[in-house]
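Visitor: Below you will find the structure I want to go over with you.
Every read-out reported here was derived from the displayed coordinates using simple, explicitly stated rules and does not represent laboratory data. Computed from a prediction, not measured in an experiment: that's the story for all the values here. Here the Cβ positions follow ideal geometry from the backbone for every residue, glycine too, while neighbour counts run over all protein chains shown.
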Amino acid sequence: MTISLIAASHGTSIPAARAAISALVEAARTTSPHLDVHEAFVDVQLPGLDEVVESVEGLAVVVPLLLTSGFHHRVDIARAVDRPNAVAARVLGPDALLTPVLLRRLRQAGANPDDVVVLGAAGSTDPRALRDVESTARMLGAAWGAPIPVGHVSGSGRRVGEIVRSARRSGRRVVVVGYVMAPGFFYEQLEASGADIVTRPLLDGDDVEPELVSLVLDRFADAAEQLDWASARVQHRCNQTSRLR
């Protein structure tokens, strides 16, 4: 029986963001060649998620390439997998595998312990999404060695520009670590926040961090356990990668 991993992202009209997301999907496909990997979108781009889920044969696991749960995860993706042969995985965040990637972005940007570091997120009105981002900030702060406040571009959380202005009163340099998947509108808003430095997004160009690939495959494996694999005879734990915790 065919096993499909459907990587579902929001979709964008920005070429750099499209390439960055597709690079992650291709990395997952290359790392686990036994999986039938598809790319799908909930908005803007084609093919649409509903169309891809309907077209695959056998079992399907939709892995949301989203950092927080929200409307697209709870409504669009949930609707697409409302069938006996499909299931949706959890969103990518929060997860300990994201911490080393964010730390790497900080170091690549030249951040140091004297800086005030702010986690810059897209934002949401969903309290669960806001809590998820706060959890990511706590994990990153524990690894960085200092508390890291959260600033949001939109939604009901505190605006990133407000957090940056407040941090500037300390007289220290302010670094925003971009907690966004790829270049685009939200990242541009982080760049306009007034911070001295804004780190690169999680996906930027063709190079894909191995932790992100592991995270996608881990989400697939965890969700696959909800399906009946008796007739599939598939080793759903992807042995090609090891958990990097």
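Visitor: Step by step: find N for the range 104-185, compute 2.2 N^0.38 Å, then divide the Cα radius of gyration by it. What's the final number? Walk me through the numbers before you get to the answer.
Guide: Details: Rg = 12.2 Å, N = 82, 2.2 N^0.38 = 11.7 Å.
Its radius of gyration relative to the 2.2 N^0.38 Å reference: 1.04.
Visitor: Something else: Could you tell me the relative contact order of the range 1-137? Use alpha-carbon pairs under 8 Å, at least six residues apart, and round to a whole percent.
Guide: On the way: 182 pairs, mean separation 33.0, N = 137.
It rounds to 24 percent for the range 1-137.
Visitor: Which angle from 0 to 90°, rounded to the nearest 10, does the C-alpha axis of helix 98-108 make with the longest principal axis of the chain?
Guide: The answer is roughly 40 degrees.
Visitor: Tally the DSSP beta bridges in the chain and give the antiparallel ones as a percent, rounded to 5. Walk me through the numbers on the way to the answer.
Guide: Numbers: 0 of 30 bridges.
In the chain, DSSP labels about 0 percent of beta bridges as antiparallel.
Visitor: Just to confirm the number: angle between the C-alpha axis of helix 15-31 and the first principal axis of the chain, 0 to 90 degrees, nearest 10?
Guide: Between the helix axis and the principal axis of the chain, the angle is about 50 degrees.
Visitor: Sticking with this structure for a sec: Among 141-147, 63-69, how do they line up from the highest to the lowest mean number of other beta-carbon atoms within 10 Å? Working shown, then result.
Guide: Values: 141-147: 13.4, 63-69: 23.9.
Order by mean packing, descending: 63-69, 141-147.
Visitor: Something else: Can you compute 3J(HN,Hα) from phi for each residue in the range 195-203, using the Karplus curve 6.51 cos²θ - 1.76 cosθ + 1.60 with θ = phi - 60°, rounded to whole Hz and x for Gly and Pro?
Guide: With coefficients 6.51, -1.76 and 1.60, one gets 5, 5, 9, 10, 6, 5, x, 4, 10 Hz.
Visitor: Using all alpha carbons of the range 59-153, what is the percent of pairwise distances in each 5 Å bin, ordered from the shortest bin to the longest?
Guide: 2, 13, 21, 20, 16, 11, 8, 5, 3, 1, 0
Visitor: At 4 °C and a viscosity of 1.567 mPa s, what translational diffusion coefficient does Stokes-Einstein give for the range 1-120, taking Rh as the Kirkwood radius over Cα pairs? Give it in µm²/s as a whole number. Mind showing how you got there, number by number?
Guide: Working: Rh = 15.7 Å.
D, rounded to a whole number, is 82 µm²/s.
Visitor: For Cα pairs less than 8 Å apart in space and 6+ apart in sequence, what is the mean separation divided by the residue count of the range 16-92, i.e. the relative contact order in percent? Working shown, then result.
Guide: Working: 71 pairs, mean separation 19.7, N = 77.
Computed value for the range 16-92: 26 percent relative contact order.
Visitor: In the chain, what is the volume of the convex hull around the alpha carbon atoms, normalised per residue and reported in Å³? It would help to have the intermediate numbers written out before the result.
Guide: Details: hull volume 26.9 nm³, N = 245.
In the chain, the Cα convex hull volume per residue is 110 Å³.
Visitor: Now for a separate question. For every helix of n ≥ 4 consecutive DSSP H residues, a contribution of -39,500 (n - 2.57) applies; sum these over the chain, divide by its total residues, and give [θ] at 222 nm rounded to the nearest 500 deg cm²/dmol.
Guide: Working: 7 runs with 84 residues, N = 245.
Result for the chain, helices only: -10500 deg cm²/dmol.
Visitor: In whole percent, what relative contact order does the chain give with Cα contacts below 8 Å and a gap of six or more residues?
Guide: Details: 463 pairs, mean separation 56.1, N = 245.
Over the chain, the number comes to 23 percent.
Visitor: I need the Kirkwood Rh of the range 61-101: take the reciprocal of the average 1/r across all distinct C-alpha pairs and report it in angstrom. All intermediate terms of the calculation are to be shown ahead of the outcome.
Guide: Details: mean 1/r = 0.0917 Å⁻¹.
Answer for the range 61-101: a Kirkwood hydrodynamic radius of 10.9 Å.
Visitor: Also: What is the sum of charges around Phe186, taking Lys and Arg as +1, Asp and Glu as -1, for the other residues whose C-beta is under 14 Å from the C-beta of Phe186? Could you put the intermediate results ahead of the total?
Guide: Details: positive: Arg159, Arg200; negative: Glu188, Glu191, Asp204.
For residues surrounding Phe186, the net value is -1.
Visitor: Also: Figure the gain on full extension for Glu51 and Ala143 (residue separation times 0.36 nm, minus the Cα-Cα span) and round it to one decimal in nm. Let's see the in-between values first.
Guide: Numbers: separation 92, 0.36 × 92 = 33.12 nm, distance 4.13 nm.
Value of the extension gain: 29.0 nm.
Visitor: Please report the spacing between the Cα centers of the range 41-117 and the range 124-188 in Å, no decimals.
Guide: 19 Å
Visitor: Right, another one. What residue among Ile148, Ile14, Ile77 shows peak mean-square fluctuation when the chain is described by a Gaussian network model with Cα springs under 10 Å?
Guide: Ile14
Visitor: Further question on the same structure: Of the candidates Asp207, Asp50, Asp132, which one comes out as most mobile in a Gaussian network treatment of the chain with C-alpha springs shorter than 10 Å?
Guide: Maximum among the listed residues: Asp207.
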